[in-house]
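Peer 1: Sharing a structure below in structure tokens format, with a few things to ask.
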Protein chains: 4
Amino acid sequence: MKMKSKKVAIVGASGYSGEVLVQLLLGHPHAELVAVTSRQNAGQTLAQVFPKFASHPKSKTIRFTEPNAEALAKQADVIFLALPHGVAAEYAVPLLQAGRVTIDLSADFRLKSAKVYKEFYAHDHPAPELLKQSVYGLPEIYRDEIKKSLLIASPGCYPTSILLPAIPLLKAGLVKPTGIIADSLSGVSGAGRKAEVDYLFCECNESVRPYGVPKHRHLSEIEEQLSFAAKTPVTIQFTPHLIPVNRGILTTLYLEPKGKLSDDKIFACYKKIYGDKPFVRLLDGKNLPDTKNVVGTNFIEIAWRLDSRTGRLIVMSAEDNLVKGASGQAVQDMNILCGFPETAGLV
Amino acid sequence: MKMKSKKVAIVGASGYSGEVLVQLLLGHPHAELVAVTSRQNAGQTLAQVFPKFASHPKSKTIRFTEPNAEALAKQADVIFLALPHGVAAEYAVPLLQAGRVTIDLSADFRLKSAKVYKEFYAHDHPAPELLKQSVYGLPEIYRDEIKKSLLIASPGCYPTSILLPAIPLLKAGLVKPTGIIADSLSGVSGAGRKAEVDYLFCECNESVRPYGVPKHRHLSEIEEQLSFAAKTPVTIQFTPHLIPVNRGILTTLYLEPKGKLSDDKIFACYKKIYGDKPFVRLLDGKNLPDTKNVVGTNFIEIAWRLDSRTGRLIVMSAEDNLVKGASGQAVQDMNILCGFPETAGLV
Amino acid sequence: MKMKSKKVAIVGASGYSGEVLVQLLLGHPHAELVAVTSRQNAGQTLAQVFPKFASHPKSKTIRFTEPNAEALAKQADVIFLALPHGVAAEYAVPLLQAGRVTIDLSADFRLKSAKVYKEFYAHDHPAPELLKQSVYGLPEIYRDEIKKSLLIASPGCYPTSILLPAIPLLKAGLVKPTGIIADSLSGVSGAGRKAEVDYLFCECNESVRPYGVPKHRHLSEIEEQLSFAAKTPVTIQFTPHLIPVNRGILTTLYLEPKGKLSDDKIFACYKKIYGDKPFVRLLDGKNLPDTKNVVGTNFIEIAWRLDSRTGRLIVMSAEDNLVKGASGQAVQDMNILCGFPETAGLV
Amino acid sequence: MKMKSKKVAIVGASGYSGEVLVQLLLGHPHAELVAVTSRQNAGQTLAQVFPKFASHPKSKTIRFTEPNAEALAKQADVIFLALPHGVAAEYAVPLLQAGRVTIDLSADFRLKSAKVYKEFYAHDHPAPELLKQSVYGLPEIYRDEIKKSLLIASPGCYPTSILLPAIPLLKAGLVKPTGIIADSLSGVSGAGRKAEVDYLFCECNESVRPYGVPKHRHLSEIEEQLSFAAKTPVTIQFTPHLIPVNRGILTTLYLEPKGKLSDDKIFACYKKIYGDKPFVRLLDGKNLPDTKNVVGTNFIEIAWRLDSRTGRLIVMSAEDNLVKGASGQAVQDMNILCGFPETAGLV
């Protein structure tokens, strides 16, 4: 029996995440892309804005429109918001009122606390009443909740790379909730398609640099989720670095074991939670994560090393910041929510 | 006897060419950098704008100022203009009236014909009366003229990479002035430090693309200079491509021999003109030019191959677009004009 | 009705083309990958050699074996040879005798002339009697022949980027068969996964260089195919350059129009041959080819410019050297030969 | 009065460190390069092996020879060893017996403990009696000792990037000697000019990966030096990552303050030790280290942030692994040892 398709729309489809969303949804077996919006590209076809999609039959018929929540609610069953924080909420409110599934890729609905939102994003939350309703769209952790919600907050790129390796260990009590350090390296697409000097080719190529030290905005959702897992407030150290690749995040986590740990115990802990999860790849043997093995895919690679000299547990992960760290994960959320196979359109 | 130093200033010192000029002049044994201007950075020190120069003693005392021709004429003996075309002329006029040596890195004084300027730059020439006075600052060809002029038009990056390999052959009548093709590959710094989406890291990395086909602005000065060399009007085919490196231009020239050519004849022709020129490196043996051998230097590498199958002569060159193709060459011009050793501050 | 699957094998699956073949065939709806061979990796699973495939269910059951033509003929219906020239023929002979479809990615069966093979590859052709039987696997040109052959010679990466833009124009007599120049830029994967100093990261990054000037081996098949199209012997100028990207070839062709040409005429000429071809993308408007729009796909982008100043026609193309220039094209050949949809497993 | 020049030689001059040494010594005002050795390049001139040096007058007269300690001792006053560990000691012994200054860039003389050497390098130390005599060539810390020694062990690239930021804080007792984490990112030249698949362009480009986790060899010298500074045994966590740049190391250090710390205290601590050191650049204001500001120079950039949320001190450094992390530092050692200005040939 053929699965019933959903009509989908993307609000803000001209950035890097939006572009990957277009690609995934054009190739999705159960989704029909019916609308894309973009203030700057309104009036142009998909083929004109993204020459790489020009061979897809729909690329010449789908035209960017000015974003309009009412119109979108009429056209689509599922709406993806690929907008800056603060702006996304403006569209989410009317879309939810119209009963539409809303999958937001911004930070607007990732936190449960409007106060923490204000601390980290420097303005009042635009729709605090929705924070209770929204589900943090990390499918490996919140599968059941995702199925039942209309509002999904797709996690940030750095948070995904940190939470997936850390949550099982914290939940199982294998590591301490204190002293956690996450050192992350991100490709430049993480900064978005913004015309800023800092992200010009010549400023990023042959350059490596930390930024946002010591209080990056993503800390808010990372710590909130780690606290849920540990059932105690967690504060971590997080240092992002910009490296000259287009896509990919590599995170190195420094953790302190609680009690005596072994590779077998760690493997069992991960296996229990991720054994049946299609996009988490636990590395065995001598392999360590490498972004080039996951770029262009929705997979995350995880490996670990116990250091007998220092007593620490080092966990490393690699993902594509635009796929598992953004648009791929959002599609995975849609798949779960709509009852499609979890991997539909993603492998 | 110690050579007398010149006081030098840079107008428009915050772009890539300006930055390299700052670097070269801070390290120059006979130049004293006394002023740098930049609308956007006025008030800041060199160290603040360019952290890489922060260890130079002058970096904390030299502050960017608003550009002001009158003030500059009082401060400096030699003024470098690293400005967009059209704007450079505004400063050149008063500086020359004040008797100051003006070395312009823009296209404003490279052409002898104001008509051709208008054809290629789409606006009237701002100071056509100066075109007769200016000297095209290609030191290997115009050494004597440079010595005697107050206004030097430092050649463009692509033109340098094409003219130095082509002029000797045309002058000697070894190749036909017709049917010339120049296929060039440039690093992204050639586009300048402009906040435009097209030059973002993710748009240039893992990308190769032609642009400005078939009528790039630099054709105007290339063809004018080739015509002088050939003593007949020359029209060429020129295709620039953008490649993901910071710096470097690689040009491949396709030429038709006039009469029977041999490697010895070609070598003799180049040797005659470039034998005593410090920055032209003729490659022998099996070596072909490679931008990595010249980046960061004022050298240009030149090699050639006669193709017995097609009868053509292929000449290849490599240079750093910001050094030999811009700021290094401008300093070389200053050295010649001021009577300094030609290589001062450049090796 | 479900299409009947074919069992396929890859000989020499550990290089870059082999890796892409594995990827395409693991995801192919009508092909079942049953064997991969590699001397150096014999005994290891696909997952061990290519961690990026580790999440595919077959990656842990398919093990590399020593290549053995007899065994392969028993296991598979279609065998891809991703081997060096000279070696491929050794396997093709017994596989064809056993009646197996053989798709060779090397240069061994691309030429009709064993003499030209010897001239360019410096050794006698290992199986000259098969040259008549083989079909040059350029699907847009040889679709009908591919359907009927057991031995397909998948074209080289540079040749594909030159032939697809040039053949229609030559066939239609729109351009002269003389004076053709092809200036090509290739990513480093074109050199294969060989442990040679020349292809180390630090030797290629921030470097651009020509090589193989003026007589690259690929000239042999390029000229043979252009001669067939023009119905007269064609000799061209071909200059390959190495640029720091992983994948992608950008070719700029310089052609001389025969008679008066217009954009409409050129478009009509291409449209006639490529209008129904799924992987050729003719660019309209202001777009020029960019490798980043085709990398990871089997598409080739083609655009052109008539230069009224020089009278020349400039045609530019972009492709992924490992997909349309190698493994994707080989799969496209298989699709046609086996009666699968031409785009199966490729979009 | 002109400073007396020293005759210098380089053993193993064909790797990346060797190449940078050649460059620095060819341009050094008080050093005369008289000999370079290389097994694989013996007989060739500098110009043949390194086309980039071909314009230097000496490049055509200096020829690579087979390494021979006796001959070198006759030719040169100062000999740089750019050889693999284990091999360097073979040359050091006879050179020291002949009374020559020996500056070793390998790991052979960096440790005081032959036992630790064996633990980390997996073979007995080849000349343990020399370990007492050698001085760890970190000029900012061991200036006085360097002046008096004949045998200098130039520090490793990672150690330099970790020790310079950490030592002053440990010496002053501002941070605890426990719980230190160093997370480092290195360009590919750190792996040397070795023909290995892992370092091919396509394996490193668009890739980021940790390696050598958790016990990299450089830990031995890092911990020995930190222990000297802290006057107590120090064990640290060190995670190196490979990133796609040619040159540059970025290190992020995680430290725990001992008592109450302030920016002023930290600045005063660094200023006291590095205030008069020409190559340490303490960043103020909002600047964070960026490898592009130090590549090609002997500078190291250092910045720090106190995190009031976690109580930790984050210190970040950036250096060129081949200059301050290898050959530049070795030349700085020579300058100090020979009584030249410390910055001679380095700025």
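Peer 1: What is the ratio of the Cα radius of gyration of the protein assembly as shown to 2.2 N^0.38 Å, with N the residue count, to two decimals?
Peer 2: Details: Rg = 31.9 Å, N = 1388, 2.2 N^0.38 = 34.4 Å.
Taking N as the residue count of the protein assembly as shown, the ratio is 0.93.
Peer 1: Moving to a separate point now. With a/c under 1.5 counting as rounded, go ahead and sort region A:15-61 into rounded, prolate or oblate using the C-alpha gyration tensor (a ≥ b ≥ c being the square roots of the eigenvalues; past the cut-off, prolate if a/b is larger than b/c, else oblate).
Peer 2: Details: a/c = 1.56, a/b = 1.33, b/c = 1.17.
Taking the square roots of the gyration eigenvalues as a ≥ b ≥ c, region A:15-61 is prolate.
Peer 1: Additional query: Using the structure shown, select from A:LYS194/A:LYS215; B:LYS58/D:LYS7; A:LYS112/A:LYS231 the pairs with a Cα to Cα distance greater than 26 angstrom. If you can, show how the numbers build up before the last one.
Peer 2: Numbers: A:LYS194/A:LYS215 22 Å; B:LYS58/D:LYS7 33 Å; A:LYS112/A:LYS231 15 Å.
Checking Cα-Cα distances, B:LYS58/D:LYS7 exceed 26 Å.
Peer 1: Then there's this: Could you pull the copy-to-copy label distances for D:LYS115, with points set 7 Å along Cα to Cβ, in nm to one decimal and sorted shortest first?
Peer 2: The projected label point of D:LYS115 is separated from its counterparts by 5.6, 7.8, 9.0 nm.
Peer 1: Quantify how much of the Cα-Cα distance distribution of region C:198-332 extends past 23 Å, in percent. Present the calculation step by step, with values, prior to reporting the outcome.
Peer 2: Numbers: 3847 of 9045 pairs.
More than 23 Å apart: 43 percent of the Cα pairs in region C:198-332.
Peer 1: Still on this model: By a straight-distance test (C-alpha under 14 Å), which aspartates and glutamates pair with B:LYS292 as possible cross-link partners, with residues fewer than eight away in the same chain excluded?
Peer 2: Candidates past the 8-residue exclusion: A:GLU206, B:GLU301, B:GLU319, B:ASP320, C:ASP198, C:GLU203, C:GLU206, D:GLU19.
Peer 1: Assuming R0 = 30 Å, can you tell me the calculated FRET efficiency for the pair B:LYS132 and B:LYS171, based on Cβ-Cβ distance, to the nearest 0.05? Show your work: numbers first, answer last.
Peer 2: Working: r = 23 Å, r/R0 = 0.75.
So the FRET efficiency works out to roughly 0.85.
Peer 1: Mind running the shape call on region D:93-214? Use the C-alpha gyration tensor, a ≥ b ≥ c as the square roots of the eigenvalues: rounded below 1.5 for a/c, prolate if a/b tops b/c, oblate otherwise. Walk me through the numbers before you get to the answer.
Peer 2: Values: a/c = 1.92, a/b = 1.25, b/c = 1.54.
Taking the square roots of the gyration eigenvalues as a ≥ b ≥ c, region D:93-214 is oblate.
Peer 1: If you don't mind, there's one more thing I want to ask. Long-range amide H contacts for A:ARG209: which residues qualify at under 5 Å (H placed 1.01 Å from N, peptide plane, sequence gap of 5 or more or a different chain)?
Peer 2: The answer is A:LEU242.
Peer 1: What shape does region A:1-99 have by the C-alpha gyration tensor, where a ≥ b ≥ c are the square roots of the eigenvalues, rounded means a/c under 1.5, and otherwise prolate means a/b greater than b/c and oblate the rest? Walk me through the numbers before you get to the answer.
Peer 2: Numbers: a/c = 1.80, a/b = 1.13, b/c = 1.59.
The shape class here is oblate.
Peer 1: For region C:100-162, what is the relative contact order in percent, using Cα pairs closer than 8 Å and at least 6 residues apart in sequence?
Peer 2: Working: 85 pairs, mean separation 27.4, N = 63.
Computed value for region C:100-162: 44 percent relative contact order.
Peer 1: Still on this structure: Roughly what angle does helix D:263-274 make with the longest principal axis of chain D, taking Cα atoms, 0 to 90 degrees, to the nearest 10?
Peer 2: Around 20 degrees separate the two axes.
Peer 1: To the nearest 20 debye, what is the magnitude of the charge dipole of chain D about its Cα centre, counting +1 on the Cβ of each Lys and Arg and -1 on the Cβ of each Asp and Glu? Provide the component values of the computation, followed by the final result.
Peer 2: Details: 41 positive and 34 negative charges, 129 e Å.
Rounded to the nearest 20 debye, it is 620 debye.
Peer 1: Give me the one-decimal nm value for the distance between modelled label points at C:LYS4 and D:LYS265, 7 Å along each residue's Cα-to-Cβ direction.
Peer 2: Taking the simple label geometry, C:LYS4 and D:LYS265 are separated by 8.1 nm.
Peer 1: Can you list the residues, at least 5 places off or on another chain, whose amide H is less than 5 Å from the amide H of D:HIS216, using H built in the peptide plane?
Peer 2: none
Peer 1: May I pose another question? More than 33 angstrom separation, counting every C-alpha pair in chain A; what % is that?
Peer 2: 25 percent
Peer 1: Too long at a 25 Å Cα-Cα cut-off: which of A:LYS171/A:LYS271; A:LYS4/C:LYS147; B:LYS171/B:LYS260; D:LYS4/D:LYS271?
Peer 2: Working: A:LYS171/A:LYS271 13 Å; A:LYS4/C:LYS147 37 Å; B:LYS171/B:LYS260 16 Å; D:LYS4/D:LYS271 33 Å.
Going by Cα-Cα distance, A:LYS4/C:LYS147; D:LYS4/D:LYS271 fall outside the 25 Å limit.
Peer 1: I'd like the interface area for chains B and D: accessible area of each alone minus the complex, both sides summed, 1.4 Å probe, protein heavy atoms only. What is it in Å² to the nearest 100? Let's see the in-between values first.
Peer 2: Numbers: alone 15440 and 15440 Å², together 29830 Å².
By this definition, chains B and D bury close to 1000 Å².
Peer 1: Mind jotting down the distance between the C-alpha centroids of region D:155-200 and region D:240-317, whole Å?
Peer 2: Region D:240-317 and region D:155-200 have Cα centres spaced 12 Å from each other.
Peer 1: Another question, then. Only bridges whose two residues both fall in region D:128-270 count here: according to DSSP, what percent of them are antiparallel, nearest 5?
Peer 2: Details: 9 of 17 bridges.
Antiparallel: roughly 55 percent of the beta bridges in region D:128-270.
Peer 1: Counting only other chains, and only Cβ atoms inside 10 Å, what mean value do you get across the residues of A:238-249?
Peer 2: On the way: counts 3, 7, 0, 9, 2, 8, 12, 10, 9, 4, 4, 1.
That average works out to 6.
Peer 1: Calculate, for the protein assembly as shown, the solvent-accessible area per residue in square angstrom, rolling a 1.4 angstrom probe over the heavy atoms of the protein chains.
Peer 2: Details: 49210 Å² over 1388 residues.
Result: 35 Å² of accessible area for each residue.
Peer 1: Once the whole set of protein chains is in place, how much accessible area is left on A:PHE53, using a 1.4 Å probe, in Å² to the nearest 10?
Peer 2: 20 Å²
Peer 1: Got the relative contact order for chain A handy, in percent, Cα pairs under 8 Å and 6 or more residues apart? Don't jump to the answer; show the numbers that get you there.
Peer 2: Values: 752 pairs, mean separation 61.1, N = 347.
Dividing the mean separation by the residue count of chain A yields 18 percent.
Peer 1: Averaged across C:53-60, how many Cβ atoms of other chains sit within 10 Å of each residue's Cβ atom? The partial results should precede the final answer.
Peer 2: Working: counts 1, 8, 12, 1, 0, 0, 0, 0.
Partner-chain Cβ atoms within 10 Å, mean over residues of C:53-60: 3.
Peer 1: HN-Hα J couplings of region B:33-39 from phi, Karplus 6.51/-1.76/1.60, θ = phi - 60°, integer Hz, Gly and Pro as x?
Peer 2: 6, 10, 7, 10, 10, 5, 4
Peer 1: For peptide A:183-191, what's the mean number of Cβ atoms from other chains within 10 Å of each residue's Cβ?
Peer 2: 4
Peer 1: Would you please give the residues with an amide H less than 5 Å from that of D:LYS6, counting only those at least 5 places away or on a separate chain, with H modeled from the backbone geometry?
Peer 2: The list, which skips near neighbours in sequence, is D:ALA31, D:GLU32.
Peer 1: Still on this structure, I have one more. Ordered by packing density, taken as the mean number of other Cβ atoms within 10 Å over each peptide's residues, highest first, how do D:324-334, D:163-173, C:56-66 rank?
Peer 2: Numbers: D:324-334: 28.4, D:163-173: 22.3, C:56-66: 15.9.
Packing order, densest peptide first, comes out as D:324-334, D:163-173, C:56-66.
Peer 1: Can you work out the Karplus-derived ³J(HN,Hα) for every residue in region A:298-310? Use 6.51 cos²θ - 1.76 cosθ + 1.60 with θ = phi - 60°, whole Hz, and x for glycine or proline.
Peer 2: Once θ is set to phi - 60°, the couplings for region A:298-310 become 9, 7, 10, 9, 10, 9, 8, 9, 8, 9, 5, 6, 9 Hz.
Peer 1: Here's something else I'd like to know. With r as the distance between the Cβ atoms of B:ARG193 and A:HIS123 and R0 = 25 Å, compute the FRET efficiency 1/(1 + (r/R0)^6) and round to 0.05.
Peer 2: Numbers: r = 31 Å, r/R0 = 1.25.
Once rounded, the FRET efficiency stands at 0.20.
Peer 1: A further question on this structure: Helix B:16-26 against the longest principal axis of chain B: what's the angle in degrees, Cα atoms only, rounded to the nearest 10?
Peer 2: 70 degrees
Peer 1: While we're looking at this one, here's another question. Would you compute, from DSSP H runs of 4+ residues alone, the mean residue ellipticity of the protein assembly as shown at 222 nm, taking -39500 (n - 2.57) per run and dividing by the full residue count, rounded to the nearest 500?
Peer 2: Numbers: 44 runs with 416 residues, N = 1388.
Helix-only estimate at 222 nm: -8500 deg cm²/dmol.
Peer 1: So how exposed is A:GLU19, as accessible area in Å² (1.4 Å probe, rounded to 10)?
Peer 2: About 20 Å², ignoring ligands and nucleic acids.
Peer 1: So what J values fall out for region C:132-149 if you push phi through Karplus, 6.51 cos²θ - 1.76 cosθ + 1.60 with θ = phi - 60°, rounded to Hz, Gly and Pro as x?
Peer 2: Couplings: 5, 6, 6, 10, 6, x, 9, x, 5, 10, 10, 3, 5, 5, 4, 4, 9, 9 Hz.
Peer 1: Once fully extended, how much extra length lies between A:THR343 and A:GLN44, figured as 0.36 nm per residue of separation less the alpha-carbon to alpha-carbon distance? Can you show the working numbers first?
Peer 2: Numbers: separation 299, 0.36 × 299 = 107.64 nm, distance 3.11 nm.
Stretched out fully, the A:THR343 to A:GLN44 stretch lengthens by 104.5 nm.
Peer 1: Hey, another quick one. I'd like the FRET efficiency for D:ASP284 and A:ASP276, computed as 1/(1 + (r/R0)^6) with the beta carbon distance as r and R0 of 45 Å, rounded to 0.05.
Peer 2: E(calc), rounded to 0.05, equals 0.30.
Peer 1: With a 1.4 Å probe and every protein chain kept in, tell me what percent of the accessible surface of region C:1-107 is carbon plus sulfur.
Peer 2: Working: 2300 of 4510 Å².
Using a 1.4 Å probe with all protein chains present, region C:1-107 comes out at 51 percent carbon and sulfur.
The values are calculated or read from the model by the stated rules, or taken from the named source; none is laboratory data. Not measured: the values here are computed from a predicted model. Neighbour counts are summed over all protein chains in view; Cβ atoms, including those assigned to glycine, are modelled from backbone coordinates with ideal geometry. Side chains included, ligands, DNA and RNA excluded: accessible areas come from the protein's heavy atoms. Shrake-Rupley method; radii C 1.70, N 1.55, O 1.52, S 1.80 Å.
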